[in-house]
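Data first, discussion second: the structure below is written as structure tokens.
The values are calculated or read from the model by the stated rules, or taken from the named source; none is laboratory data. Fair warning: this is a prediction, and the values are worked out from it, not measured in the lab. Methodologically, a virtual Cβ is constructed for each residue, glycine included, from the backbone with ideal geometry; neighbour enumeration extends over all protein chains shown.
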Amino acid sequence: MIKPSSHRSFATTAAVLCAATTISMTGCSYGHNEHVSTTVNRANVTQTPAVQKVVGDYASEGYAKRTQGNDWVAVTVSPDGASAINIKVRARSDIKKPTCQYDGKATLMGQDDAHGIIFQSDINDSMAFFQFKGDTLTIDSQDKYALNYFCSGGGSIVGEYQKLAEKLKLH
């Protein structure tokens, strides 16, 4: 098992994590037989348990105080086949012009107990990583500025988002 060092970025750790392991049908897997169990989605495509586990709505810290006017960014994750996900990032748009918007797809890179479940995507000539650990989604990239393209005012989709227990409310 690879342990991240204190000076290594998440993106570097994620790249090393996958490169240093044997790749199975579900990506990098570490001692878990979770990839054996699958379910069928509406399109009759089997999904890995990793995809099943991460599907849902996530939001930035400001979402909890949206009724007080706080700005927030939400991420909706939906399945896209056996080992890929669709990712939609949307910023608050009910009381002001939205600051961030991104639509993309990420493929399963791997999973283990230390790092959680990691998906990757090539965004603006940089590898972006979507790490799901517990109820937290962390978005990071080898080049953090590559993810600024999707936000105005100096914002970025890089950051942490908490999984919502209820369906996302856009206002």
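The conditions are (1) at positive phi; (2) in contact with a Lys or Arg (Cβ under 9 Å, 6 or more places away or on another chain), and residue 124 fails exactly one of them. Which is it?
It is condition (2) that residue 124 fails.
Which residues, counting only those in segment 140-171, are of a type in the set (Asp, Glu), more than 13 Å from residue 72 (Cβ to Cβ) and under 14 Å from the mean Cα position of the chain (by Cα)?
First, the residues of segment 140-171 that are of a type in the set (Asp, Glu): 140, 143, 160, 166.
From the residues that got through so far, the ones that are more than 13 Å from residue 72 (Cβ to Cβ) too are 140, 143, 166.
Passing the criteria: only 140.
With respect to residue 157, determine if the residue is touching a residue at least 40 places away in the same chain (Cβ under 8 Å), over 24 Å from residue 46 (Cβ atoms) and either touching a Gly at 6+ places or on another chain (Cβ under 8 Å) or basic (Lys, Arg) (or both). Write out each step before concluding.
Details: touching a residue at least 40 places away in the same chain (Cβ under 8 Å): yes; over 24 Å from residue 46 (Cβ atoms): yes; either touching a Gly at 6+ places or on another chain (Cβ under 8 Å) or basic (Lys, Arg) (or both): no.
Spelling it out, it is not the case that residue 157 is touching a residue at least 40 places away in the same chain (Cβ under 8 Å), over 24 Å from residue 46 (Cβ atoms) and either touching a Gly at 6+ places or on another chain (Cβ under 8 Å) or basic (Lys, Arg) (or both).
From the set of residues in segment 149-171 that are in a strand (DSSP E or B) and buried (at least 19 other Cβ atoms within 10 Å of the Cβ), which is modelled with the lowest pLDDT? Even if it seems obvious, please write down each step before you answer.
Just the residues of segment 149-171 that are in a strand (DSSP E or B), to begin with: 151, 159-163.
Then drop every residue that is not buried (at least 19 other Cβ atoms within 10 Å of the Cβ), which leaves 151, 161.
Details: 151: 79, 161: 95.
Taking the candidates together, the pick is 151.
I'd like the full set of residues that are touching a strand residue (DSSP E or B) at 6+ places or on another chain (Cβ under 7 Å) and either among the hydroxyl-bearing types (Ser, Thr, Tyr) or assigned to a helix (DSSP H, G or I) (or both), limited to segment 136-145. Give the steps one after another, and end with the answer.
As a first pass, look at segment 136-145 and keep what is touching a strand residue (DSSP E or B) at 6+ places or on another chain (Cβ under 7 Å): 136-143.
Result: 136, 138, 141.
Considering each residue of segment 87-101, count those that are surrounded by 20 or more Cβ atoms within 10 Å (Cβ to Cβ), part of a strand (DSSP E or B) and at pLDDT below 95, and give that number. Show your work before the answer.
Kept after step one, since they are surrounded by 20 or more Cβ atoms within 10 Å (Cβ to Cβ), are these residues of segment 87-101: 87, 89, 91-92, 100.
From what's left, part of a strand (DSSP E or B): 87, 89, 91, 100.
Keeping just the survivors that are at pLDDT below 95 gives 89, 91, 100.
So the count comes out to 3.
Residue by residue, here is whether (1) assigned to a loop (DSSP other than H, G, I, E, B); (2) free of Cβ contacts under 8 Å to residues at least 60 places away in the same chain; (3) more than 17 Å from residue 168 (Cβ to Cβ) holds:
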| site | (1), (2), (3) |
| --- | --- |
| 85 | no, yes, no |
| 105 | no, yes, yes |
| 132 | no, no, no |
| 147 | no, yes, yes |
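Tally up the residues in segment 108-137 that are β-branched (Val, Ile, Thr) and surrounded by fewer than 17 Cβ atoms within 10 Å (Cβ to Cβ), please. Quick ask: steps written out before the conclusion?
Kept after step one, since they are β-branched (Val, Ile, Thr), are these residues of segment 108-137: 117-118, 123, 136.
Now drop any that are not surrounded by fewer than 17 Cβ atoms within 10 Å (Cβ to Cβ), which leaves 136.
Within segment 108-137, residues that are β-branched (Val, Ile, Thr) and surrounded by fewer than 17 Cβ atoms within 10 Å (Cβ to Cβ) number 1.
Among the numbered criteria (1) crowded, with 19+ Cβ neighbours inside 10 Å; (2) more than 15 Å from residue 160 (Cα to Cα); (3) at pLDDT below 90; (4) of a type outside the set (D, E, K, R), which one does residue 79 miss?
(3)
Looking only at segment 33-63, filter to residues that are in a strand (DSSP E or B) and modelled with pLDDT under 85; which one of those is surrounded by the most Cβ atoms within 10 Å (Cβ to Cβ)?
So the first thing to find is which residues in segment 33-63 are in a strand (DSSP E or B), and the list is 39-40, 46-47, 56-59.
So of that shortlist, the ones also modelled with pLDDT under 85 come out as 39-40, 46.
On the way: 39: 11, 40: 9, 46: 13.
Ranking the qualifying residues of segment 33-63, first place goes to 46.
Go through segment 64-83 residue by residue and tally those that are under 20 Å from residue 156 (Cβ atoms) and either in a strand (DSSP E or B) or among the hydrophobic types (A, V, I, L, M, F, W, C) (or both).
Summing the residues that are under 20 Å from residue 156 (Cβ atoms) and either in a strand (DSSP E or B) or among the hydrophobic types (A, V, I, L, M, F, W, C) (or both) in segment 64-83 gives 6.
Here is a list: 112, 135, 143, 125. Which entry is under 20 Å from residue 47 (Cβ atoms) and at pLDDT below 95?
Values: 135 fails: at pLDDT below 95; 143 fails: under 20 Å from residue 47 (Cβ atoms); 125 fails: under 20 Å from residue 47 (Cβ atoms).
The unique qualifying residue is 112.
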